Amino acid sequence: VYGTMYGNTEAVAEDLATRLVSKGMTNVVMYDVSKTHVSYLIAEAFKYSHIALASVTYNLNVYPPMLNFLMSMKALNLQKRTVAVIENGSWAPQAGQLIRKLLGKMKEMNILEDEMLISSSMTEENISEIESLAESIIESTK
């Protein structure tokens, strides 16, 4: 699930999804919180054991549609999921830290330790980070 304003976060989410599929993961789906109603996102979240959240920082906070999704997850008691977090922000990025804090208030959420920060768009430096994140997700399914 990703929240994007200009498409760079979507590109990172697509890269991660491609890496997961190339490593043998099946049933990988992507949703843009800006374009998909939160009720549908919640229904999908209950289906899967793993969720990757990619969000831009928006006014020093989580992108509002992503925040709405997270608050709905909490309100509906979504629990026992493994979650990867990717944040995008070029100036004072906060989304990742805030997402982790919100997830920490939910029951039995396993938040992967790999932290990934994108500054606007993915660069060569991010390749090893996204590869490591994909490996962590794959390992957590075993």
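The values are calculated or read from the model by the stated rules, or taken from the named source; none is laboratory data. Keep in mind it's a predicted model, so treat the numbers as computed, not measured. Cβ placement follows ideal geometry from the backbone for every residue including glycine, while neighbour counts extend to all protein chains displayed. Areas reflect the complete protein model, heavy atoms only, side chains present, ligands, DNA and RNA absent. Shrake-Rupley method; radii C 1.70, N 1.55, O 1.52, S 1.80 Å.
Element breakdown for region 1-77 at a 1.4 angstrom probe: carbon and sulfur atoms account for 54% of the accessible area. In this structure, the amide hydrogen of MET116, modeled 1.01 Å from its nitrogen in the peptide plane, lies closer than 5 angstrom to those of GLU87, counting only residues at least 5 positions away or on a different chain. Using the Karplus relation 6.51 cos²θ - 1.76 cosθ + 1.60 with θ = phi - 60°, the per-residue 3J(HN,Hα) values for region 17-23 come to 4, 4, 5, 5, 5, 5, 8 Hz, with x marking Gly and Pro. A Cβ-based charge dipole, computed about the Cα centre of the chain with Lys and Arg at +1 and Asp and Glu at -1, lands at about 820 debye. Between LYS74 and MET25, the contour length at 0.36 nm per residue exceeds the Cα-Cα span by 15.0 nm. Taking 20 Å as the straight-line reach from the Cα of LYS47, the lysines in range (excluding those fewer than 8 positions away in the same chain) are LYS35, LYS74, LYS80, LYS107, LYS142.
Taking amide H positions as modeled 1.01 Å from N, with prolines and chain starts lacking one, the residues under 5 Å from ALA54 and 5 or more places away or on another chain are TYR2, GLY3, ILE86. Protection proxy ranking of 114-124, 44-54, by the mean of other Cβ atoms within 10 Å over each peptide's residues and highest first, is 44-54, 114-124. Per residue, the accessible area of region 25-88 comes to 48 Å², computed with a 1.4 Å probe over protein heavy atoms only. For the pair LEU60 and GLU139, what calculated FRET efficiency results from E = 1/(1 + (r/R0)^6), where r is the Cβ-Cβ distance and R0 = 41 Å, to the nearest 0.05? FRET efficiency, GLU139 to LEU60: 0.80.
Each residue of region 51-59 was assigned a 3J(HN,Hα) from its phi angle through the Karplus expression (A = 6.51, B = -1.76, C = 1.60, θ = phi - 60°), giving 9, 10, 10, 10, 9, 7, 7, 10, 6 Hz with x at Gly and Pro.
Derived scalar couplings between HN and Hα for region 34-42 equal 6, 10, 10, 4, 4, 5, 5, 4, 5 Hz in order, rounded to whole Hz, by the Karplus curve 6.51 cos²θ - 1.76 cosθ + 1.60 (θ = phi - 60°), x for Gly and Pro. Within the shell defined by Cβ-Cβ distances under 10 Å, the residues around ILE138 carry a net charge of +1, with Lys and Arg each +1 and Asp and Glu each -1.
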